[in-house]
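Asker: One structure is given below, represented as structure tokens, and several questions about it will come after.
The values are calculated or read from the model by the stated rules, or taken from the named source; none is laboratory data. Only a predicted model underlies this, so the values are computations on that prediction, with no experimental measurement involved. Here the Cβ positions follow ideal geometry from the backbone for every residue, glycine too, while neighbour counts run over all protein chains shown.
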Amino acid sequence: MSGHVSGFDAGTATDPASRGSAISITTATVDDAAQLAAVAAVTFPLACPADSLPEDIARHIATQLSAERFAAYIEAPRHTLLCLRAGDRIGGWSMVVRDQPTDADVLAALSISPTVELSKFYVHPDHHGRGAAAALMRRSLDLAAESGLPGVWLGVNQENARALRFYTKHGFRRVGTKRFRLGDRFEDDFILEQALPGGPGSA
């Protein structure tokens, strides 16, 4: 699912009792893998276009978003997962990948190189309006900047208008399009990019 960001309005399997808990952002460990997989099993379907096939969604979850896959992501040296926590529950997460893109459409669209990918970004809607999504985004961008690379990019489904507004508000601009495969179908994503502090075009 590299490069396909769900948008911050996807849901998770958090307990409603966690809604009033203090928010914190931590780096994920392998101990979080099972809870992240449970969260992803709920959030990924909500991020898909309405006409996506249920069997394709289920297959993607089983092969790409299992606890084993999350453990591998967490242990990968060029991946960092952040957990948005509400009490002892995970209410959102993001993943920053410090690898250069290989997708031809992405390479053609990006104006800043080398770059970092914001590969995943999800926040439970119960935490909207509390600054949780903005806090997770700020920490994600700080983490991207810590790489020392000049740019960061993401991909988001073209139908996810709310996520597009959110990413634009946080400094991303649309630079191109790419395709995301789900089963035997291809979904259309926008490619968004922004300069990191010290990079070309940064404030």
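Asker: Do you know which residues across the stretch 129-158 are within 26 Å of residue 181 (Cβ to Cβ) and crowded, with 17+ Cβ neighbours inside 10 Å?
Answerer: Of everything in the stretch 129-158, those that are within 26 Å of residue 181 (Cβ to Cβ) and crowded, with 17+ Cβ neighbours inside 10 Å turn out to be 140, 144, 151, 152, 153, 154, 155, 156, 157.
Asker: Would you check if residue 162 is modelled with pLDDT under 95, surrounded by fewer than 21 Cβ atoms within 10 Å (Cβ to Cβ) and of a type in the set (Lys, Arg)?
Answerer: So residue 162 fits the description; yes.
Asker: Being in contact with a Pro (Cβ under 7 Å, 6 or more places away or on another chain), buried (at least 18 other Cβ atoms within 10 Å of the Cβ) and not charged (D, E, K, R) narrows it down to one residue among 90, 112; which is it?
Answerer: 112
Asker: Moving to a separate point now. When the stretch 16-33 is examined, which residues are found to be in a helix (DSSP H, G or I) and at pLDDT below 95?
Answerer: 16, 17, 18, 19, 20
Asker: Next question. Return the residue satisfying two criteria in turn: it lies in the stretch 51-66 and is in contact (Cβ under 8 Å) with a residue 40 or more places away in the chain and of a type in the set (A, V, I, L, M), and of such residues it is nearest to residue 145 (Cα to Cα).
Answerer: Per the criteria, the residue is 65.
Asker: Pull out all pairs, ordered by first then second residue, where Cβ-Cβ is under 7 Å, the residues are six or more apart or on different chains, the first lies in the stretch 67-95 and is within 14 Å of residue 137 (Cα to Cα), and the second is among the acidic types (Asp, Glu).
Answerer: Here the result reads 83/32, each pair linking the stretch 67-95 to a residue that is among the acidic types (Asp, Glu).
Asker: Touching a His at 6+ places or on another chain (Cβ under 7 Å) and modelled with pLDDT under 95: does that describe residue 92?
Answerer: Yes; evaluated as a whole, the condition is true for this residue.
Asker: Another question about this same structure. Among the residues of the stretch 165-194 satisfying the criterion of being among the basic types (Lys, Arg) and in a helix (DSSP H, G or I), which is modelled with the lowest pLDDT?
Answerer: Going through the qualifying residues, I end up with 165.
Asker: Is at least one residue of the stretch 106-124 assigned to a strand (DSSP E or B), on the phi < 0 side of the Ramachandran plot, among the acidic types (Asp, Glu) and at pLDDT 95 or above?
Answerer: yes
Asker: Right, next: Going by the conditions given, is residue 99 in contact with a Lys or Arg (Cβ under 6 Å, 6 or more places away or on another chain) and part of a loop (DSSP other than H, G, I, E, B)?
Answerer: Taking the combined requirement at face value, the residue satisfies it.
Asker: Okay, moving on. For the stretch 38-65, which positions are crowded, with 17+ Cβ neighbours inside 10 Å and modelled with pLDDT of 90 or more?
Answerer: Once the filter is applied, which keeps residues that are crowded, with 17+ Cβ neighbours inside 10 Å and modelled with pLDDT of 90 or more, the stretch 38-65 yields 57, 60, 61, 65.
Asker: Which members of the stretch 125-159 meet the condition of being touching a Pro at 6+ places or on another chain (Cβ under 8 Å), modelled with pLDDT of 95 or more and either in a strand (DSSP E or B) or not aliphatic (A, V, I, L, M) (or both)?
Answerer: Matches in the stretch 125-159: 150, 151, 153.
Asker: Keeping to the stretch 133-166, report how many residues are of a type in the set (S, T, N, Q) and over 20 Å from residue 50 (Cα atoms).
Answerer: 2
Asker: Separate question: Show the residue pairs that are 6+ apart or on different chains and have beta-carbon atoms under 6 Å apart, the first residue being within the stretch 147-160 and in contact (Cβ under 8 Å) with a residue 12 or more places away in the chain, the second being buried (at least 18 other Cβ atoms within 10 Å of the Cβ) and of a type in the set (Phe, Trp, Tyr).
Answerer: 156/190; 158/190
Asker: Mind checking which residues of the stretch 65-81 are hydrophobic (A, V, I, L, M, F, W, C) and either under 15 Å from residue 26 (Cα atoms) or touching a Lys or Arg at 6+ places or on another chain (Cβ under 8 Å) (or both)?
Answerer: Hits for the stretch 65-81 are 74, 81.
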